[in-house]
Amino acid sequence: WTLTFPTVHHFLERYWKLTGSDLKALNFARYLVDLSLVEYKMLKYSYATLGASAVFLANKFLRYDPAWGKFMAEQTNTTEEELRPCAKDLCILLQGSEKSSLKAVRKKYSLPQYMEVSKIRLE
């Protein structure tokens, strides 16, 4: 038997599939999660919350409507309002990513195979 522990990426993949969003949204959500891995303040969030918030924020930035609709709230038992604090922290990380001394994640997600999501300009 192989027993595994669910990671944030397990939740992210599941929620992304439920939204029906495209691969760009998935890659953007993965980028957000990878940015959070080295941030101590992000440890206060569960993997499920972090994964859901990354999917929500990716959909929001890419202007997919709804970013987190009623269907998602029902499937995950998590409302958009509950995701907002974690999404706000992810957004702060994203805004500071250009000035961060840790460049590996940004460089990785600037590659064409990840749809260059780290190059998306924030508005």
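Contact map, segment 12-33: first residue under 21 Å from K108 (Cα atoms), second residue of a type outside the set (F, W, Y) and not in a helix (DSSP H, G or I), Cβ cut-off under 6 Å, separation 6 or more or different chains; pairs are K24/M115; A25/L62; N27/M115. Among the residues of segment 34-93, the ones that are farther than 22 Å from R121 by Cβ and of a type outside the set (D, E, K, R) come to 27 in all. For E81, the criteria (1) over 15 Å from V8 (Cα atoms); (2) exposed (fewer than 15 other Cβ atoms within 10 Å of the Cβ); (3) in contact (Cβ under 8 Å) with a residue 60 or more places away in the chain hold in every case but one, which is (3).
Being of a type in the set (K, R) and open to solvent by 100 Å² or more (accessible area, probe 1.4 Å) is a description that applies to K88.
Based on what the data block shows, is S46 in contact (Cβ under 8 Å) with a residue 24 or more places away in the chain, among the hydroxyl-bearing types (S, T, Y) and under 19 Å from P6 (Cα atoms)?
On the way: in contact (Cβ under 8 Å) with a residue 24 or more places away in the chain: no; among the hydroxyl-bearing types (S, T, Y): yes; under 19 Å from P6 (Cα atoms): yes.
No; evaluated as a whole, the condition is false for this residue.
For segment 48-56, does any single residue satisfy the condition of being open to solvent by less than 10 Å² (accessible area, probe 1.4 Å), at pLDDT 95 or above and hydroxyl-bearing (S, T, Y)? So far as segment 48-56 goes, yes, one or more of its residues are open to solvent by less than 10 Å² (accessible area, probe 1.4 Å), at pLDDT 95 or above and hydroxyl-bearing (S, T, Y). Would you point out the residue of segment 103-123, among those that are touching a residue at least 24 places away in the same chain (Cβ under 8 Å) and out of contact with any Ser or Thr (no Cβ under 6 Å at 6 or more places or on another chain), that is least open to solvent (accessible area, probe 1.4 Å)? Restricting to residues being touching a residue at least 24 places away in the same chain (Cβ under 8 Å) and out of contact with any Ser or Thr (no Cβ under 6 Å at 6 or more places or on another chain), the top hit is V117. Would you check which residues across segment 22-38 are at pLDDT 95 or above and outside any helix (DSSP H, G or I) and list them? The answer is D22, and nothing else. Just to be sure, is S100 part of a loop (DSSP other than H, G, I, E, B), surrounded by fewer than 18 Cβ atoms within 10 Å (Cβ to Cβ) and polar (S, T, N, Q)? Taking the combined requirement at face value, the residue satisfies it.
The values are calculated or read from the model by the stated rules, or taken from the named source; none is laboratory data. This is a predicted model, so every value here is computed, not measured. Here Cβ is always computed from backbone atoms with ideal geometry, including for glycine, and neighbour counts include all displayed protein chains. Please note that ligands, DNA and RNA were not included when accessible areas were found on the heavy atoms of the full protein model with its side chains. Shrake-Rupley method; radii C 1.70, N 1.55, O 1.52, S 1.80 Å.
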